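Novice: Below you will find the structure I want to go over with you.
All of the numbers you see were taken from the coordinates with simple rules; none came from a lab. All of these numbers come straight from a predicted model, not from anything done at the bench. Reconstructed Cβ throughout: ideal geometry from the backbone, glycine too, with neighbour counts over all protein chains shown.
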Amino acid sequence: MLSIKQLNKTYANGVHALNDVSLEIPNGLFGLLGPNGAGKSSLMRTIATLQEPDSGQIHFKGLDVLQDKEGLRRQLGYLPQDFGVYPKVCAEDLLHHFAVLKGIGIKSERKEQVESLLRQTNLWEARKRGLGTYSGGMRQRFGIAQALLGSPKLVIVDEPTAGLDPDERNRFLNLLAEIGEQVVVILSTHIVEDVTDLCPRMAMICKGQVLIQGEPQAAIASLKNKVWRKSIQKAALADYQGRFNVLSTRLVAGKPQINVFAETQPEEGFTMVEPDLEDVYFLQLRNSQARQAGASQGAVHVV
Amino acid sequence: MWFEFFKFDLRYQLRQPLLWVSALVLAAMAFGASSTDAIQVGGSIGNINRNAPVVIAQMLGSFSIISMFIVTIFIAGTVLRDSDIGISDMIFSTPMRKQDYLIGRFLAGLLACLTIFITIALGIMIGPYMPWVDSAKVGPFSLQPFLFGFAIFVLPNLLFIGSFLMLLAATTRSMMLVYVGVLVFFVLWGVGGAFTRDISNEWLAVLIDPFGTRAFSRATRYFSAAESNAGLPSLNGFILANRALWTTVALGCFAATLILFKPQRAGTARSLFGRKNKPQASDSASLIRAQARPYAVSSKAASPILQCWKIFCFDAIGVFKSVPFLVMMLFAILNFVASVSMGGRLYGTDVYPVTRLMLENLTGSFNFMLIIIVTFYAGELIFKERQAKIADVIDAMPIPNWAPLVAKSMALVGVVLAFLSAGILAAICFQLIRGGAPVELGLYLKGSLIGAVPFILMGLCALVLQVFTNNKFIGYLLMILLMVSQIVMSILHYDHNLYSFPGTPSIPYSDMNGFGHFVKGWSFFVLYWSFFSFILLVLAQAFWVRGLSQEWRVRWRLALTQLKGPSGLLLSLSLIGFVGTGAWIFYNTNVLNHYLPSNKTLDRQALYEKQYRQYKDLPHPKITDIRADVDIFPESRQVSIKGHYVLQNKSADVQDILRLQVDPDIETIWLNLPSHKVVLDDQTFGFKIIQLTQALAPQGRLELDFTVNIKRLGFTNSGATDSINLNGTFFNNGAFFPHFGYNSGVEIQDRSERRKRGLGEPERMPKLEDEAARAFNTFGSEADWINFETTISTSQDQIAIAPGYLQKTWEDQGRRYFHYKMDKPILNFFAYLSARWEVKKGDWKGLPIEIYYDKKHAYNVDRMIYGTQKSLDYYSSQFTPYQFQQVRILEFPSYQSFAQSFANTIPYSEGIGFIADLRDTEDVDYVFYVTAHEMAHQWWGHQIAGAGVQGSTMLIESLAQYSAMMVMEKEYGRDKMRRFLRYELDRYLRDRGSEQIEEQPLFRVENQQYIHYRKGSLVFYRLRDEIGEEPLNRALKRYLQDKAFEEAPYTTSKDLLSYIRAEAPADKQGLITDLFEKIVFYDNRVTDATAKQRPDGQWDITMKIHLAKLEADSKGTESPRLYDEPIEIAVFARVPGAKEKDERVLWSEKRQQPGGDSIVTLTVKEKPFELGVDPYNKMIDRVSSDNRKEISIE
């Protein structure tokens, strides 16, 4: 559906934001996972026609996006990571305004869509209020309402759940999942569970490169029997990190508990655990860092 | 602790680019002002040096006011900066004391601002030493005026403005409201200044100015050039008191800031307008899942035009609701009201608020705000989405690039139009409140649209710059650079409108002539610049940035793709239009008309003077008769003249040389030059010398016929006003008739421009003692008195008039003809007028008086008739009979504001008199006065035409002033005359400071208006007072009887003085010398006045007075004189609460008192109220208000 080929972008300050990125994204929710500064936003902005790549191609349903930006914009819904509003304008007015800009030509149709979206995002009661008085969650819902105007075929949402409380976040993701039944939805996030729970497909990127792409479950399955856990003393942490491929460390009741990637039990005291996407994520990051450091360890590629 | 804040903040401030940018911009302004005349910041004029101490102090004072906007940023802004960038919580949670914080910040800001002023001072310092500055106008360098300026203006003003604004910032917590405060403060300051200008309480007027500049200008307003160059005013009571007051206020403000400043989060306090902040929405309801409905995208997509329209509405409404727009509008309206309620006043008398004046006032005091508004909102509109961080959302929507650009352009145009509409509304309200003048809606509409054009074009340019630079501040900077470059270009004499965006020829409006023929040239220039702006807009939409700002390499690539297709076609078409109209304009301005940059014009003038001055005033046959058929074609603006001159050799020698001088730009053909040899023929200057084969014997006559064709083709670059108009043609013989001999009117008068071109000092007039110059009268060397007859034709709907009496009028082939003939010789000074007039007739003892006026201006026609009657009464009884049999007053368009007397014909501008508002009978009736003045010229000018030497305009103008004052005094009484003379005194004292060459004593006046009008009034009124009206009029009558209609050698001011001296008693001869032959000032004042009642009921009065008499030289350097004349001392009684005009004189005497301080005691019968020396201000005294003093009763 959306196919990205060999996308490259280097900023004027030398940052290689996109490094030969190629992705195939079908209908449904597509998770884009990566640490801060990985190039997620650059990629999404490029798809959303807001940024020119140095080279590469993007096709959406047969449409050459880089040549016919207008064509893509007609079927695009975009919710940027950090967006603002006009504080003194009310939600309904601004949504109407956006509806025109999105190209909904008929007034009655605009009205119907705006109303429906306001209800769907549960902003109907607050529709007359200035956007400046909205809470973070409401504003985010307004953002999604805006993105859904005009029945987009491609919806791009950049870190939409940052700053939302767990309840709000769940509802938000449900809404996205529902939309994703019919169209392409790209969801960028650095919260691993979001992807695990929702996305049939995903990609991980770091430093502008795609580390893996595919189904989360397949990625998790590839680590089956290879993740080991142990509670250790704080003082020994550095020692462990030096000796094993430590994926993650977390404190459990004040004591560090480490997850280690290994084909066999690394040491006495380690127990095998069920891998999750976070383990995949960290493994990819470690590998990528290791590659950067020059000591290549042979990346694990999953399909 | 405070030092840490100070240090940190100073380092921060000094690293701000804005500080250095503003310092450089202001320093450049200061440099420009001190090295050129193009930028005026209270700079030097006339003989005042560019670096005169007073000029330097004034400039620093002005800059300290201008800098208010910068101080806002560097001092007031520091209080709000922390909460703006969101660091305030961190700072205010540390255990610091707010005093330390505020003092440190304030001092750092103050020091930063001082840095700016040091660069400004450097700019002022080096300006005068630039190579292009006339070194004669540069005095020795001294640091003292700079120290004075810093101590008196810069430091106290920074202190005051800084602490005042800091207080505002600390209490309102909003930078926007601080700016509002600045604007409101400015308005109040300006309005306050305007309204206190006339008040009598000098202390109040001076003290309420927080900047101290008014106290300073009060101390220096009557400085002569010499005084301005020599030094600074002493730190008298006014200046010191003002500075002390406002420094105290400043410290008070600062103390209040220390108390009121709350280091808490902004916005947690209650809202200023009582509107409670709505509680943050807390909505815990779960998402009600409306059934997800797939929306079918409508087959009918929104057209880009609809999108564009919606963006336009959205943006325009956003601007209209925004605070800066409303504030600037309010500011402009207040400024307009202040200016319009004072505007057009003459001698304190208002004018009717006609729509034309409203529009002029709007242009001058209201519209200028638009340049700030369009510049500011161009940035705001372009960056609106990005500032709200919503740009990414919108940029990803299916909108073509041009839609938001066009919408924002339209929004900006809408802003301009809305702003102008507000101005119109204010003007209409003003018209309705003052009343008396019709509201002309159509004219408002046209005038405002014309006024809007440059601002719209500038606004579009600002938008485009914002798009190209993609950086708001660089965009603003480029706009400022554009404006500065326009000034610089005009300094360098690059003044063609074709390359100075968005230049157009001027398009003046007159009630008589409407926008006249100016519309055409203006329209083409507007079309030209519209094409230009359109090209910029097409390019801007190609370079429109979507999403993240791209590198230029990418923007170019994208732009080039954008420009393929329709927008490329549009670009080419508008380029063709641009070049096409440009070529057409060039053809009109430079091929059909001559275009010379102003410096080239001066070069030409200099060349003419160098080549042909040798022929000045050489003997030449003089014109004795003129007959002319003049056809005026108003609609095509053509005039053709078929003329006939009779020349006579009035010298004792034979003459065979004719020096013909014609205007090289119009076609003049001599039809019957007798056989001759061409000695010189200069086509460039139209100067030709021929030697006649047959010389002209003494008294011999020569008849010359000629035709002149004046055609106005196309349009010109400047749109300068013209004498040939669609309605309201007015030209005199000087303009189009051929002349003889060198034309000294071409000579450059400006000393610096002369020096640049190697010309000597300007000679305005030959010396009074130059006997040879008495061969010619002041109206020119070509003729003495001439016989005059003319036939004029004009279009059917107009009347045409020239001096003489109407012999016959008829119509032929759709044109009207008028034949005028004068029955006795007149000066070689006559005019032709043609317009659509109404005519009102009156008479004086059967002698017809006719007023030709525009139907809109019937207001004062009866006053003019009445004034004419009263003038004829006085002049013909006191002087000599009126030599003509008719008086005609004719209105002409307001392109010039004067009235001028020709034989029996007085053109009178629609700008003065015709629209004076005389409904308040307390006001000075200057319509009556101007009419009487012009009528007096029928004697002084048309009977007495003095020799063209020094003092000639005293014979003409000062005597006309005197005559008119006498008529006015008869009608309105002495009290009105005192008011009138106060204005004359003020204008004399003020204008002499800007003398370009030398101030002359009255009897040597060299056509200097402040002398022959203003000082002339004062001198003759005092003379009348000293020697009496009857003896003076007797002298004038005898003078007229002896010298009227005399030929060469013409009379001079010396002759007049001898007639006056003959009538004056011996003890007034010294006074006459002082009045006419010297420049004398008095400094008389009452320093103390007390009274005590005696047991017998009478009152003993003791007064301390100070008398001084000074004599000034031509540059204004003064030397003391012995106080050698009696002084009038008077005591007045006044009923409690009564006004000055109701006072009674208890005692009055002229007595001889010594100069300096002295004590006078006397006794009066009743309780005195006030006393004075020279209590009616008849003497030329720079401070007239201290001549009287209220008596304190012991």
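Novice: About its Cα centre, how strong a charge dipole does the stretch B:973-1104 have in debye, to the nearest 20, once Lys and Arg get +1 and Asp and Glu get -1 at the Cβ?
Specialist: It works out to roughly 440 debye.
Novice: Kindly rank B:691-701, B:242-252 from highest to lowest mean number of other beta carbons found within 10 Å of each residue.
Specialist: Sorting B:691-701, B:242-252 by mean packing, highest first, produces B:242-252, B:691-701.
Novice: Return the lysines within reach of B:Lys1165: Cα separation strictly under 16 angstrom, same-chain partners fewer than 8 residues apart disregarded; answer none if there are no such residues.
Specialist: Within reach: B:Lys1092.
Novice: Check B:Ala783: other-chain or 5+ apart residues with amide H under 5 Å from its amide H, H built from backbone geometry?
Specialist: B:Ile623
Novice: If you line up the long axis of helix A:91-101 against the longest principal axis of chain A, both from Cα atoms, how many degrees apart are they, to the nearest 10?
Specialist: Its long axis makes an angle of about 80 degrees.
Novice: Near the amide H of B:His676, under 5 Å away, which other amide H atoms are found, from residues 5 or more places off or on another chain, if H is placed in the peptide plane?
Specialist: Close amide H contacts, sequence-distant or interchain: B:Thr693.
Novice: What is the magnitude of the charge dipole of the stretch B:625-746 about its Cα centre, with +1 placed on the Cβ of each Lys and Arg, -1 on the Cβ of each Asp and Glu, and no other charges, expressed in debye to the nearest 20?
Specialist: Roughly 100 debye for the stretch B:625-746.
Novice: Counting only DSSP beta bridges with both residues in the protein assembly as shown, tell me the antiparallel percent, nearest 5.
Specialist: 80
Novice: Find which of B:Leu143, B:Phe1003, A:Cys90 sits farthest along the positive direction of the dipole of the protein assembly as shown, computed with +1 on the beta-carbon of Lys and Arg, -1 on that of Asp and Glu, about the Cα centre.
Specialist: Positive-most Cα among the choices belongs to A:Cys90.
Novice: Compute the helix-to-body angle for A:166-180: its Cα long axis versus the longest principal axis of chain A, expressed 0 to 90° and rounded to tens.
Specialist: Roughly 70 degrees, rounded to the nearest 10.
Novice: Something else: Calculate the spin-label point distance for B:Thr921 paired with A:Lys5, positioning each point 7 Å from the Cα along the beta-carbon direction, and give it in nanometres.
Specialist: Computed distance between label sites A:Lys5 and B:Thr921 equals 9.9 nm.
Novice: Now for a different question. At 7 Å along Cα-to-Cβ for each site, give me the label-to-label distance between B:Gln611 and B:Ile305 in nm.
Specialist: Each label point is offset 7 Å from its Cα along the Cβ direction, giving 6.2 nm.
Novice: Taking each residue in A:86-94, count the Cβ atoms of any other chain within 10 Å of its Cβ, then average. What number comes out?
Specialist: For peptide A:86-94, the averaged partner shielding equals 2.
Novice: Please give me the summed charge of the neighbours of B:Gln1153: other residues whose Cβ is under 14 Å from its Cβ, Lys and Arg +1, Asp and Glu -1.
Specialist: Here the count lands on -2.
Novice: While we're on this one: So which of A:Lys61/A:Lys107; A:Lys9/A:Lys61; B:Lys622/B:Lys824 end up more than 26 Å apart by C-alpha?
Specialist: A:Lys61/A:Lys107
Novice: With a cut-off of at most 11 other beta carbons within 10 Å, and DSSP calling the residue loop, which GluC sites (Glu not before Pro) in the stretch A:187-287 qualify? Please list them.
Specialist: A:Glu263, A:Glu268
Novice: Hey, what's the per residue convex hull volume over the C-alpha atoms of chain A, in cubic angstrom?
Specialist: Convex hull volume per residue, Cα atoms: 154 Å³.
Novice: Apply the a/c threshold of 1.5 to the C-alpha gyration tensor of the stretch B:798-931 and tell me whether it is rounded, prolate or oblate.
Specialist: It is oblate, given that a/c is not under 1.5 and a/b is not larger than b/c.
Novice: Additional query: Grab the Cα-Cα distance for B:Trp670 and B:Lys845, subtract it from 0.36 nm times how many residues apart they are, and report the gain in nm with one decimal.
Specialist: 58.5 nm
Novice: To the nearest 20 debye, what charge dipole does the protein assembly as shown have about its Cα centre, counting +1 at the Cβ of each Lys and Arg and -1 at the Cβ of each Asp and Glu?
Specialist: 3960
Novice: Something else: Whole-Hz Karplus ³J(HN,Hα) for the stretch B:231-247, in order, using 6.51 cos²θ - 1.76 cosθ + 1.60 and θ = phi - 60°, x for Gly and Pro?
Specialist: Couplings: x, 9, x, 5, 6, 7, x, 4, 5, 5, 4, 4, 5, 5, 4, 6, 5 Hz.
Novice: Sort the protein assembly as shown into rounded, prolate or oblate with this rule: let a ≥ b ≥ c be the square roots of the eigenvalues of the Cα gyration tensor; rounded if a/c is under 1.5, and if a/c is not under 1.5, prolate when a/b is larger than b/c, oblate otherwise.
Specialist: prolate
Novice: Using only alpha-carbon positions, what ratio does the radius of gyration of the stretch A:1-147 give when scaled by 2.2 N^0.38 Å?
Specialist: 1.18
Novice: Give me a single rounded figure for A:102-113: the average over its residues of other chain Cβ atoms within 10 Å of their Cβ.
Specialist: 5
Novice: For a 32 Å ceiling on Cα separation, which of these pairs sit above it: B:Lys870/B:Lys1139; B:Lys610/B:Lys711; B:Lys808/B:Lys1043; B:Lys840/B:Lys970; B:Lys520/B:Lys642?
Specialist: Beyond 32 Å between Cα atoms: B:Lys808/B:Lys1043.
Novice: Let me ask something else. Under the classification rounded if a/c is under 1.5, otherwise prolate if a/b is larger than b/c and oblate if not, where does chain B fall, given a ≥ b ≥ c as square roots of the Cα gyration tensor eigenvalues?
Specialist: Oblate, because a/c is 1.5 or more while a/b does not exceed b/c.
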